[in-house]
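Data first, discussion second: the structure below is written as structure tokens.
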Amino acid sequence: MMCMLGLIAFASSCSTDFDPLASGPAVPVVYSVINYPDTVRWVRVSRSFQLRGSAYGEPVSGDSLEFKDIRVSLEKWHGDYLIARSEMLPEERLRDSGYFPAGPNPFFQLRYSTKTLDFFSGNSEDLIKLIIERPGQPIVYSQIHPVTIPEISTPRHEGEKVELFNLIEPFFLSWTSMEYYQEMYLEFHYADHYADRSIDRIALWKEYHSIPPPDPEKPLTKVFLTGVHFMQRVASNIRLDTAVTHRTFKKIVMRLYLTDENIYTYNIINQVIQEDQAGAGNTNIVNGCGLFGATSRAERWFILAYRSMDSLANGQYTKHLNFTNWGS
């Protein structure tokens, strides 16, 4: 008994020597998605921090959110050869008002120029490396493969009227890409005409996505767009409005989005959130946590030929929507 009391007394006398909330070294938190058609590339570098009280009762200090005197750069490698290197410039951007202070909110940017043109040209065998240097600390880094910008093909020239009911040569959209995940959306642009005004509208739906990743031996993706299928899609995405006197068709825009495996995995994992918020998240940042990935996008537009326009106005699937058989 005396031994136990002695242990309790010893623990009490030394309680100030152990703090379960003592913070360890701050961990770099990195977020960067390289969107290849964009003219500016961004990297956000923050840091982890630890609160000693309630998350809603203790303000976050700005010193807890950023590292001082860091350098961020992008490198392009082909095998063992360094092809290009560009340092990214810091830029302060304010946050919206909320739990975190408006600043600091450190971003680093690299603008498109003739100097960086070759740096971002796509080659699936190259590597793009993100390097973050902190004085006296291990280098934080990650690497990805470039995501190419695909060219979209159709049986006809861009902007030419297309016939969705052509049985001899069915209309299709095709592209060549080996990216990990691909999505293709269709935007149906039209106008609602009322007695006193007209309103431009867009109906949007996903037409294609790739799971699993494309076959390396078959990089060409071809999506056929038939008349019946298309009209059913239009009917299910545009609601009946009795106040509309008539509707006019404008154009159809096909949008293609491509991502690498890093972004795809990151999105899938973050669809499920642990109840205790303690799940092991996905990261591809060495000596830190977060995400470094790449995306690409492309688009093409077309308009409908007479037979398809007539089906839109008078066909069994869409005649209740009150479309005219001429465009706007």
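The values are calculated or read from the model by the stated rules, or taken from the named source; none is laboratory data. Predicted model only: the values in this text are computed from it and were never measured. For neighbour counting, all protein chains shown are included, and Cβ atoms are generated from backbone atoms with ideal geometry for every residue, glycine included.
Tabulated data
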quantity: Region 102-130, residues that are acidic (Asp, Glu) and either modelled with pLDDT of 70 or more or in a loop (DSSP other than H, G, I, E, B) (or both); calculated: GLU125, ASP126
quantity: Among (1) touching an Asp or Glu at 6+ places or on another chain (Cβ under 9 Å); (2) loosely packed, with under 15 Cβ neighbours inside 10 Å; (3) closer than 19 Å to TRP326 by Cα; (4) touching a residue at least 60 places away in the same chain (Cβ under 8 Å) - the single one LYS161 does not satisfy; calculated: (1)
quantity: Some residue of region 192-201 being farther than 21 Å from SER308 by Cα, aromatic (Phe, Trp, Tyr) and either outside the structural domain of MET309 (by TED's automatic domain parsing) or surrounded by fewer than 16 Cβ atoms within 10 Å (Cβ to Cβ) (or both); calculated: yes
quantity: Contacts under 6 angstrom Cβ, first residue in region 300-328 being free of Cβ contacts under 8 Å to residues at least 24 places away in the same chain and hydrophobic (A, V, I, L, M, F, W, C), partner surrounded by 17 or more Cβ atoms within 10 Å (Cβ to Cβ) and not in a helix (DSSP H, G or I), 6 or more apart; calculated: ALA313/PHE323
quantity: Unmet requirement for GLU151, which otherwise passes all of (1) crowded, with 19+ Cβ neighbours inside 10 Å; (2) in a loop (DSSP other than H, G, I, E, B); calculated: (1)
quantity: Residues that are in a loop (DSSP other than H, G, I, E, B), in contact (Cβ under 8 Å) with a residue 12 or more places away in the chain and loosely packed, with under 15 Cβ neighbours inside 10 Å, drawn from region 215-258; calculated: PRO216, PRO219, LEU240, ASP241, ALA243, THR245
quantity: Region 45-59, residues that are modelled with pLDDT of 65 or more and either buried (at least 16 other Cβ atoms within 10 Å of the Cβ) or among the small types (Gly, Ala, Ser) (or both); calculated: VAL45, SER46, ARG47, SER48
